[in-house]
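Take a look at the structure below.
The values are calculated or read from the model by the stated rules, or taken from the named source; none is laboratory data. For clarity, every value in this text was computed on a predicted model and none was experimentally measured. Please note: Cβ atoms are built from the backbone with ideal geometry, for glycine as well, and neighbour counts cover all protein chains shown. To get the accessible areas, we keep the full protein, side chains included, count just its heavy atoms, and leave off ligands, DNA and RNA. Shrake-Rupley method; radii C 1.70, N 1.55, O 1.52, S 1.80 Å.
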Amino acid sequence: MTDKLQLTTPTWFVGCGNMAGAILDGWRLADIDLGPVTVIRPSGKPVEGTKTVTSIADAGPPPRLVVLGFKPQQLDAIAQELRQRLSAKTVVVSLLAGVETASLRQRFPGAAAIIRAIPNLPAAVRRGVTGLFSSDADDATREEMGALFSAVGFAMWMADEAKLAALGAVAGAGPAYVARFIGALSKAGQQRGLSEEIAGIIARETVLGTAWLAATTGEDMDSIAHRVASPKGTTQAGLAILDTENVMNDLIAATINAAFRRGAELALEARSLAEAPSLH
């Protein structure tokens, strides 16, 4: 017997964009055999360790697991052909931002279970955050999917799709916002005379070190900020800018709210298309 994680055979990845690619990269680093995986992408660009084909027709026998890794706007164009290739044993895992399980169930009525997964890009290096939700997966399926996504970082099942959307707005989109902050920190260093290379390293390591400190000690962010800032010192002078009229919190809240609203728009678009007469 072995406790090594294994993918069910066959597993399909329909589309292999940034998030789907990050999951495959993370599984590869976790030493999960990608041999059962068939990646379906029109470009035919190979994905290390998998079989790559250009069409659903060329993918082979019906999958036991299918991961939807294309853009949400492509759902109806792809679903029409894909649902004909699924069996009653197929588990559908959707990475499609904003597309709710009810909309997915309408497209794939015969699937064994519909699961939504919202990972983030650091899954590629096994430091990701993934939210999972399903209204119809059985306990065995939930355990299997939870284990596979835990292999690429922190994974948790959410109580409902509203909480899943909130996780997506923070964790799914968050790496982009953190990257912008690191970039701004680096540029500020360059403005004070540091080279681009050195400023970039310092900014990245500062953010990584601070996150690692918090993760290791459990200390909250306010406590860390106060420990760094001496009264009337240099750090306190900088914090006075960020803390003025709650500017930092308001900026981040507005950013997260914008991402959340866009997710709601995508959900509405998917529901509207699912209700269109042409799909019945």
Given (1) closer than 27 Å to Ala88 by Cβ; (2) outside any helix (DSSP H, G or I), where does Thr141 come up short, assuming only one miss? (2)
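Yes/no per residue for (1) open to solvent by 50 Å² or more (accessible area, probe 1.4 Å); (2) at pLDDT 95 or above; (3) over 25 Å from Ile252 (Cα atoms); (4) out of contact with any Gly (no Cβ under 9 Å at 6 or more places or on another chain):
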{"site": "Asp136", "(1), (2), (3), (4)": "yes, yes, yes, yes"}
{"site": "Glu143", "(1), (2), (3), (4)": "yes, yes, yes, yes"}
{"site": "Ala165", "(1), (2), (3), (4)": "no, no, no, no"}
{"site": "Ala179", "(1), (2), (3), (4)": "yes, yes, no, yes"}
Give the residue, chosen from Val99, Val67, that is within 16 Å of the chain's Cα centre (by Cα) and closer than 19 Å to Ala165 by Cβ. Val99
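With the requirement that a residue be open to solvent by less than 70 Å² (accessible area, probe 1.4 Å), of a type outside the set (S, T, N, Q) and without any contact (Cβ under 8 Å) to a residue 60 or more places away in the chain, what does segment 150-163 give you? Let's see the steps before the verdict.
Step one: of segment 150-163, the residues open to solvent by less than 70 Å² (accessible area, probe 1.4 Å) are 150-153, 155, 157-158, 160-162.
Narrowing further to those that are of a type outside the set (S, T, N, Q): 151-153, 155, 157-158, 160-162.
Residues satisfying the conditions are Ala155, Trp157, Met158, Asp160, Ala162.
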Quick one: in segment 223-262, of everything that is within 24 Å of Ile118 (Cβ to Cβ) and small (Gly, Ala, Ser), which residue is least open to solvent (accessible area, probe 1.4 Å)? Ala259
Looking at segment 206-222, is at least one residue among the hydrophobic types (A, V, I, L, M, F, W, C), open to solvent by 60 Å² or more (accessible area, probe 1.4 Å), part of a helix (DSSP H, G or I) and over 30 Å from Ala117 (Cβ atoms)? no
Could you list, in sequence order, all residues of segment 178-231 that are within 18 Å of Asp243 (Cα to Cα), more than 30 Å from the chain's Cα centre (by Cα) and of a type in the set (A, V, I, L, M, F, W, C)? Val228, Ala229
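Could you please give the count of residues in segment 71-101 that are closer than 15 Å to Ile114 by Cα and part of a loop (DSSP other than H, G, I, E, B)?
Final tally of qualifying residues: 11.
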